[in-house]
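Peer 1: Before I ask anything, let me first share the structure, which is written out below as structure tokens.
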Amino acid sequence: MTSRLLALALLVLSAAAETVHVGPAKGSLVVVGGGTLGPDIVNRFIELAGGKDAAFVFIPTAGEDQAYDKTWLDKQFLAKAGVKNITVLHTRDRKLANTKAFSAPLLKSSGVWFSGGRQWRLVDSYLNTRTHREIVNVLKRGGVVGGSSAGATIQGSYLVRGARSGNTIMMAPGYEVGLGFLRKVAVDQHLLARKRQDDLVQVITKHPELLGIGIDESTAIVVTGDQFQVIGKSKVAIYDPKRAPEPTGKRYFFLNAGERFDLSARQVINNGATSSSSQD
């Protein structure tokens, strides 16, 4: 390729990246609302990372345990699915998370998974550390970042249920910043299973610049650029403060498995076109 063509290609790639406003400019996200991971979710995550022979990093830090050994790892979904190259990355020490040695496994990884627990533990350990930056670099290389429950909520830019004192508090000073893989987005989980469907309303009312996304158990959104598709067994709710209430009076509407959504336009995608139609 000539230098002129190379420069043009880089310009096109740069312009494409600038058109992505919410999701990752490269790579994908798999954001799961907790519960059992069905084969459709597991297989999509592994596929996006490059298959079972790819290198994966598993981050269980949202959980309560101080250490996670091979016996624990063998019980997790990646090992059960036949993935062999898995590194567990875990610390309670953000100074360690900020080191080159600790974050080194991420340099070769194409798939990163955050398991469930409490969001504040992920904030305390990883927010704005070298580990955080290297996870972003996984996406920049075209990899995938996924997570379930707390591992879903942490992917938004605004963190809900981050309070150390309890997970019923939606907005907790000091714990309102997530890892930001989804910009200007707040993600909630266990939506219908725990009857949380009205909880994000208070968040978007106070922060009208945000888009709220509530995900039920055994359900995921697969995000590429500014679009996502719903996969799994249940529903995803969309909370847009710029949108008029639904005919039912609700401040949200539901998407079902297979449906797609444009995060930038904040509209449902129907056969490549956007639509403001909704369902409840």
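Bear in mind these aren't lab numbers, they're just calculated from the coordinates by the rules spelled out. Small disclaimer: the values here were computed from a predicted structure and weren't measured. Cβ coordinates were reconstructed from backbone atoms using ideal geometry, including for glycine residues, and neighbour counts include every protein chain displayed.
Peer 1: If you wrap a convex hull around the alpha carbons of the stretch 134-280, what volume per residue comes out, as a whole number of Å³?
Peer 2: 111 Å³
Peer 1: At 0.36 nm per residue, minus the direct Cα-Cα distance, what do residue 36 and residue 266 gain on full extension? Give it in nm, one decimal, please.
Peer 2: This chain segment gains 80.0 nm when fully extended.
Peer 1: Under 5 Å between amide hydrogens, which residues at least 5 positions from residue 57 or on another chain qualify, with H placed 1.01 Å from N in the peptide plane?
Peer 2: 87, 111, 112, 113
Peer 1: Cα-based Rg (one decimal) and Dmax (whole number) for the stretch 24-275, in Å?
Peer 2: Gyration radius and largest Cα-Cα distance of the stretch 24-275: 17.1, 55 Å.
Peer 1: Would you please give the residues with an amide H less than 5 Å from that of residue 149, counting only those at least 5 places away or on a separate chain, with H modeled from the backbone geometry?
Peer 2: 32, 33, 34
Peer 1: Work out the charge dipole of the chain with +1 on the Cβ of Lys and Arg and -1 on the Cβ of Asp and Glu about the Cα centre, then indicate which of 39, 22, 125 is farthest towards its positive end.
Peer 2: 125
Peer 1: Could you check the simple spin-label distance between residue 193 and residue 84, using points 7 Å along Cα→Cβ, in nm with one decimal?
Peer 2: Simple spin-label model gives 3.2 nm for this pair.
Peer 1: Determine ³J(HN,Hα), in whole Hz, for all residues of the stretch 189-200 in sequence, where each value follows from phi through the Karplus function 6.51 cos²θ - 1.76 cosθ + 1.60 and θ = phi - 60°; x replaces Gly and Pro.
Peer 2: 9, 6, 4, 7, 4, 10, 6, 9, 5, 9, 5, 6
Peer 1: Another question, if that's okay. Between 231, 169, 215, where does the largest GNM mean-square fluctuation fall for the chain, given springs only between Cα atoms within less than 10 Å?
Peer 2: Result: 169 has the largest fluctuation of those listed.
Peer 1: List the pairs from 84/184; 26/206; 70/108; 108/184; 75/233; 80/233 whose alpha-carbon separation is above 25 Å, in the order I gave them.
Peer 2: Pairs exceeding 25 Å: 84/184; 26/206; 108/184.
Peer 1: Mean-square fluctuation check for the chain, GNM, Cα pairs under 10 Å: which of 118, 194, 251 is largest?
Peer 2: Among 118, 194, 251, the largest mean-square fluctuation in the Gaussian network model of the chain belongs to 194.
Peer 1: Taking amide H positions as placed in the peptide plane 1.01 Å from N, state which residues far from residue 269 in sequence (5 or more) or on other chains have amide H under 5 Å from it.
Peer 2: Close amide H contacts, sequence-distant or interchain: 260, 261, 262, 275.
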